[in-house]
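Structure record follows, encoded as structure tokens.
The values are calculated or read from the model by the stated rules, or taken from the named source; none is laboratory data. These numbers come from a predicted model, not from an experiment. Quick reminder, even Gly has a Cβ in these numbers, built from the backbone with ideal geometry, and neighbours come from all protein chains shown. Side chains are part of the model used for accessible areas, which takes the heavy atoms of the whole protein and leaves out ligands, DNA and RNA. Shrake-Rupley method; radii C 1.70, N 1.55, O 1.52, S 1.80 Å.
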Amino acid sequence: GDEIYNIVHLDNGQLLIARENKKLEFYDTEKGIFYTPTVNAQINQNNFFVIDFLKLRNGDLWFLGDKIYKAISNDKGIESFELIQNDKKINIGAPSLLSQWTPNNLSIGMSFLLDFNNNKAVKASSKYPVLSKFDSAYRFMDQYVNVYTDENKDYWIALFEFLPYQISFYKFSNSNQKLKKLSILKNPNIAVTGSITKVGEDLWLAGWAGLLKWHIPTSKVSYYNFKDGKDSTQLSSNNLRFVFKDKDDDLWIASQNGLNLKKKNQAFFTHYFAHAGDTNALSFNSVSNINQDASGIIWIGTLGGGVNTFNKKTGKFRWITSKQGLADNNILNILIDDFQDVWVNHNLGISKISTKTMKIQNFTQADGIQKILFENCSVKMADGSLIFGGNGFNRIFPSKIKSDTFEPPLLISNFKLFNKDVSINGADSILHQHINITQSLTLKHYQNVITLEYAALDMAHPTQVSYAYQLVGFDSDWQYVDNKREVTYTNLPSGHYTFNVKSTYNEGIWHNMEHPLSMTILPPWWRTWWAYVLYALAFVYALRTYIHYRSRQLKEENIVLEEKVHQRTNELEKSLKNLKATQTQLIQSEKLASLGELTAGIAHEIQNPLNFVNNFSELSNELMDEMNEEIDKGNTVEVKAISSDIKSNLEKINLH
């Protein structure tokens, strides 16, 4: 009979009603009954009065009474489970332990079967006695299993044991529910801590020490590892976390140092590494998990570089990190739902990435996510739900997840100078109202060490809000700082600045602060406009004085220069006369020299024939003396010979 004060419709079809008597009630529209809700243990029904409701699209309900409370709809798409055995909680912590068993059963290490219809877990061996050897193989202790489900829904099982150190291979046939032991590999060269997949007739196992290939028909074993990195037949690292087969039957291997690709029927590996400054390369070398969507894009999780996508056609990577709104960059698992949206889990919870819009939606413990989730411990169920294992495990129904459109107010919460809070209207205070409503500030030149604190008023996820800030006029771009909520600037030069902040915690959507803070740091007096005017006037006066001085100095220099020019002109005229006289003398000397040379030449030409005349005359004279002697002797023959020589000499004398 009490008056209904407020009412809101919940996603599960129920109505939450606030009555005048300060009571809350649920009304079940299907059953047509009222009942008292257990909304929040802190609510005291005796003094609670509902003023207003605010329902978010993700199913969360906020309502205001004597306090502000939050309730979670019963049908929001996230379920949390714990596994209890002998009153002890069992952590699902070993790699690759989760697998689909039947459409409504989840297998944990082939040891437990979880029946979601009845919300209970039973030993797998109680239903399938042949699986008794796997009773304790659900955690990384003495033994554990890696399971691969092929296209026929048959299970290929690798049981890894420490005592004795060996791997046993099994096949569990889905058609006849029989377990067949295939082979035992004693003292394997690797510890199979990664995952398992099947390509053709080969089982591939990734682990700590390399990659193992087991050929099913022959039980032949091959190992691939890193030795010296000198050729492409080696892996980029021996520490492997995950092995994945894509739609082309190509093999992808996630390692501690890079991503490896072994294409079908190729004997070598292609290595992908992170390169500083190259946004088309891998973002981080420590790779954790791999998956592929329906369009063929490869999704890669890294332990430090967020999520990467890889296009096999272009050979380029694309990064999705905290800068795009991802809650954490340490990715542990990647699953792709029926809508081709990508789900990843990390140290801070689980994130959903829309492949169409690349928007990111983050889920944390406030949404029911397990506190601790483990690497390589996830599976997609036949009904489309997603399982992520850890302390227990989360089951997510993507079709029930709704977007949260709540935009928390963002404001500047505090302002400091030299690390001291600035009071309002204090002595020499620059603040006349609270900083969160102040839109502009004016500071003196020495007030240039400032601290700005900011916050988004998000009561649901206060620790999961990520921030970015930019001081326009100083920062060249946005500074992404995760959940850090303050920034300090030191030695800011005088000028005009605008401080802006944006925040995000969901769907990768960044919300800007409504009223950025405008700041002006005044220059010192010697850099003010009137100081520059004085500088200009002083410069003009100095320039005019200098010009006058230089003009007078130039006149004096011109007079001296004219005198020097006149003097030099007279000297040049004298020099010209002397030059002409010297030139005449030189010409006369040249003529005499030429005559002397001519005379010497003539004398030389005359001297030569005269010498020949003298020589032949002397010789002829001597021959005459010899001829007279021979005449006296009566030697006519010799006389004739000498006479002939004398005649020859006379001819030469005549010639010269």
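General remarks:
- Counting only aspartates and glutamates at least 8 places from K198 when in the same chain, those with an alpha carbon closer than 16 Å to its own are D150, E151, D154, D246, D248, D249, D250.
- Percent accessible area from carbon and sulfur atoms, region 262-398, protein chains only, probe 1.4 Å: 49 percent
- Note on region 521-593: with neighbouring protein chains present and a 1.4 Å probe, carbon and sulfur make up 65 percent of its accessible heavy-atom surface.
- Partner lysines whose Cα lies under 27 Å from the Cα of K555, excluding those fewer than 8 positions away in the same chain, are identified as K564.
- Proximal lysines relative to K647, as straight alpha-carbon distance under 29 Å, when same-chain residues fewer than 8 apart are discounted: K633
- Summed residue charge, Cβ within 11 Å of L348's Cβ, Lys/Arg positive, Asp/Glu negative: -1
- Ranking of S575, S283 by solvent-accessible surface, largest first: S575, S283 (1.4 Å probe, protein heavy atoms only, all chains present).
- Accessible surface of region 140-180, 1.4 Å probe, proportion on carbon and sulfur as whole %: 51 percent
- Gain on full stretching of the segment that runs from K230 to S643 - 0.36 nm per residue minus C-alpha separation: 137.4 nm
- Accessible area (Å², 1.4 Å probe, nearest 10) - V540: 80 Å²
- Area accessible to solvent at I396, 1.4 Å probe radius, in Å²: 0 Å²
- Cross-link table K356/K484; K186/K220; K352/K402; K247/K352, entries beyond 19 Å C-alpha to C-alpha: K356/K484; K247/K352
- Probe 1.4 Å, protein heavy atoms only - accessible area per residue of region 243-374 in square angstrom: 39 Å²
- Accessible area in the full protein assembly, largest first, 1.4 Å probe, for R550, R241, R527: R527, R550, R241
- For K416, net neighbour charge (Lys/Arg +1, Asp/Glu -1) across residues whose Cβ lies under 10 Å away: -2
- Between region 515-562 and region 274-300, the alpha-carbon center distance in angstrom: 62 Å
- Sorting W319, W530, W299, W525 by accessible area puts them as W525, W530, W319, W299; the probe is 1.4 Å, largest comes first, and only protein heavy atoms count.
- Across region 529-656, the convex hull enclosing all Cα atoms gives 216 Å³ per residue.
- Measuring with a 1.4 angstrom probe and ignoring ligands and nucleic acids, K420 comes out at about 150 Å² accessible.
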